[in-house]
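Engineer: Handing you a structure now.
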Amino acid sequence: MTEDTCPITTEITPEGEQMLVPGVAPITLRDQLVARTAAPMTPKRNPDAQQKPCDIGLFDPAARDQCDLIDLLRAVERGASTDRKQED
């Protein structure tokens, strides 16, 4: 019987040195990072948590109902009331 001339490759792991199957390359840090970047983002503390809606600032649909500052200044110049409760 002839011996296989393939060199035995090993990989150092936290559990110790392990032999690799011929034709299989060890998983590198680059491979691990690529896999993590391709995965969807999940919170670390609660992976089942749902994302809250972004309804503040620029993305707040209720903010579109607010009076614009420039319109308010123009109304003051014209002598109109600035109290919105009186207008409604």
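The values are calculated or read from the model by the stated rules, or taken from the named source; none is laboratory data. Just so we're clear, the structure is a prediction, and the values are computed from it rather than from any experiment. Methodologically, a virtual Cβ is constructed for each residue, glycine included, from the backbone with ideal geometry; neighbour enumeration extends over all protein chains shown.
Engineer: Between residues in the range 29-42 that are under 25 Å from Ile12 (Cβ atoms) and among the small types (Gly, Ala, Ser) and residues that are surrounded by 10 or more Cβ atoms within 10 Å (Cβ to Cβ) and at pLDDT 95 or above, which pairs lie under 9 Å by C-beta distance while being six or more apart or on different chains?
Structural biologist: Between residues of the range 29-42 that are under 25 Å from Ile12 (Cβ atoms) and among the small types (Gly, Ala, Ser) and residues that are surrounded by 10 or more Cβ atoms within 10 Å (Cβ to Cβ) and at pLDDT 95 or above, there is no close pair.
Engineer: Applying the selection to the range 1-44, what residues are surrounded by 10 or more Cβ atoms within 10 Å (Cβ to Cβ), of a type outside the set (Asp, Glu) and touching a Pro at 6+ places or on another chain (Cβ under 7 Å)?
Structural biologist: Leu20, the sole residue that qualifies.
Engineer: Right, next: For the range 25-44, which positions are basic (Lys, Arg) and outside any helix (DSSP H, G or I)? Spell out the reasoning first.
Structural biologist: To start, the set of residues in the range 25-44 that are basic (Lys, Arg) comprises 30, 36, 44.
Matches in the range 25-44: Lys44 only.
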